[in-house]
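Notes follow once the structure below has been shown.
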């Protein structure tokens, strides 16, 4: 059996800039608009990974 484990943070156009010691999640306003659309994720998985 093969397993693909992807970190969904990969599918963002911007990177959150907070110290790694911060244990609270950033507010949606800081990164909500940078998440790839479903179509972009599907296209990447299908065209680049052959899934």
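The values are calculated or read from the model by the stated rules, or taken from the named source; none is laboratory data. Source: prediction; values computed, not measured. Methodologically, a virtual Cβ is constructed for each residue, glycine included, from the backbone with ideal geometry; neighbour enumeration extends over all protein chains shown.
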Those residues of the range 4-24 that are surrounded by 10 or more Cβ atoms within 10 Å (Cβ to Cβ), at pLDDT below 75 and outside any loop (DSSP other than H, G, I, E, B) come to a total of 1
Result of the Cβ filter at 8 Å on the range 1-19, keeping first residues that are within 15 Å of residue 40 (Cα to Cα) and partners that are at pLDDT 70 or above and assigned to a loop (DSSP other than H, G, I, E, B), at least 6 apart or interchain, is 11/36; 12/36; 13/36
When every residue in the range 34-51 that is surrounded by 10 or more Cβ atoms within 10 Å (Cβ to Cβ) and more than 26 Å from residue 2 (Cβ to Cβ) is compared, the one modelled with the lowest pLDDT is 34
